Each structure stands twice: as C-alpha cells, then as structure tokens.
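The values are calculated or read from the model by the stated rules, or taken from the named source; none is laboratory data. In this text the structure is predicted, and so the values were computed from the model without any measurement. For neighbour counting, all protein chains shown are included, and Cβ atoms are generated from backbone atoms with ideal geometry for every residue, glycine included.
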Amino acid sequence: GNSVTQMEGPVTLSEEAFLTINCTYTATGYPSLFWYVQYPGEGLQLLLKATKADDKGSNKGFEATYRKETTSFHLEKGSVQVSDSAVYFCALMDNYQLIWGAGTKLIIKP
Amino acid sequence: KAGVTQTPRYLIKTRGQQVTLSCSPISGHRSVSWYQQTPGQGLQFLFEYFSETQRNKGNFPGRFSGRQFSNSRSEMNVSTLELGDSALYLCASSKDLILEKLFFGSGTQLSVL
C-alpha cells in the first residue's frame, strides 16, 4: 500500500542554518504531496503542496519539489528562524485520505 | 471566517464507556475527515465524509464510527473505550471534492482511564 517515510527527529539547528527534512513515498500513480506543520499547542496547518511531478511548492521560505524519479518530496529552507521550531509532517493524498509520515520535530536554537 | 471547531477540547473517560466527539467545519466546506494522533502511531486516518456519505474508512475496529449531518457538521463515536483509544482526535474540513487543502481543528484530547 501507499506509505510515507520521513527522517526521524529531533533535528536541532542553529538560527540561520540550512534545513533539509527528507521525505520519500511509495504510491501507485502520482498522488498529491503535502507538508503540514504543527506548532506547539496549535493544530496542523498546510505548509505547502505539489500536485504533479516536478512541481515546486513554496511558502514562508520553505520549498519542496515533487521528484517522481526518486519518489521524494524533501523540505528545504535556506535560513531557519527560532519561530520555525515545530513538528513537520509529510503526507500524500490517496482516495480522500491523507497518509502521513511519522513527523519530524525541528528545534531551532538562537 | 470561523475555523474548524471541535468540541469538547478535553475528555476523560473510563474503560468501557462510549464517547461522542463533534466537529463543525468551515462554512461552505462539505468534506469532513477524522484522524487519530498518538505518540506511538502518529497520525492515522479514521474516515471521511462528503455530503453525508462516507467515502473512505481507515483501518480501525467497528467501535469507531462516524456520521455527517445535512449542515456538514460531523460526529464520531467510540464505543466500549479501551486504554489504547487515548489520543488526540483531529477533524479536518475541505471545500472541494479532491481535498487539495485541509483545514484542521485543534482537536479533542481523549484520555481513557
């Protein structure tokens, strides 16, 4: 069946560092891919999405490119801030349901 | 524009009891889906409703059920609660059929003692 695998956390970085959170997927066909973020004490929010191969989703300085050849959707940001500390979830859409990765906790130190 | 509203915010129940959780979607949204979030299992899909019809159901026992009303509000019910049902239950709504963007509520934190 379809599945999503993302790198285990926590990931700890200093402010202004470069961020990559890896996400790979297994799916039949070409599902839409998403990154959601869960800030402490808050609900899940859509961060960005891509609906077809080679699409690049971007928001708030974060980017992810839908790579069909490597079945990946890695999240990147050039310069992280303390306010980016949160849990990040990679997900794919399959038959009206989101299939989630395990989540990666990101800690940014000043 | 009001967001997705889930009630109650917190619940404490004992084993064997049953519980009903409520979700009011964003106005105009006709799709409502439910997810269970636990530290061990992460986020898992429970079910999705569109215009009162269940379109998909996750791999949960029959003790977990849901429904959607004509005003798009949804409820989920868990009967014969078990300790392992302790979790954050999240509801999400979406406007369109293909669910390109889900809006999540803050969740109901259920503790089973």
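For the stretch B:51-70, the criterion of a residue being part of a loop (DSSP other than H, G, I, E, B) and within 20 Å of A:G43 (Cα to Cα) is satisfied by no position.
Only strands (runs of 3 or more DSSP E) whose full extent lies in the stretch B:72-112 are considered here, and the ones with at least 2 residues that are within 12 Å of another protein chain (Cβ to nearest Cβ) are B:87-94, B:108-112. Would you call B:G16 free of Cβ contacts under 8 Å to residues at least 24 places away in the same chain and not β-branched (V, I, T)? In short, no.
Against the list (1) part of a strand (DSSP E or B); (2) over 23 Å from A:G1 (Cβ atoms), the condition A:W35 fails is (2).
Pairing each residue of the stretch B:39-59 that is under 20 Å from A:F89 (Cα atoms) with any residue that is surrounded by fewer than 16 Cβ atoms within 10 Å (Cβ to Cβ) and at pLDDT below 90, provided the two are 6+ apart or on different chains, yields C-beta distances under 9 Å for B:E48/A:N95.
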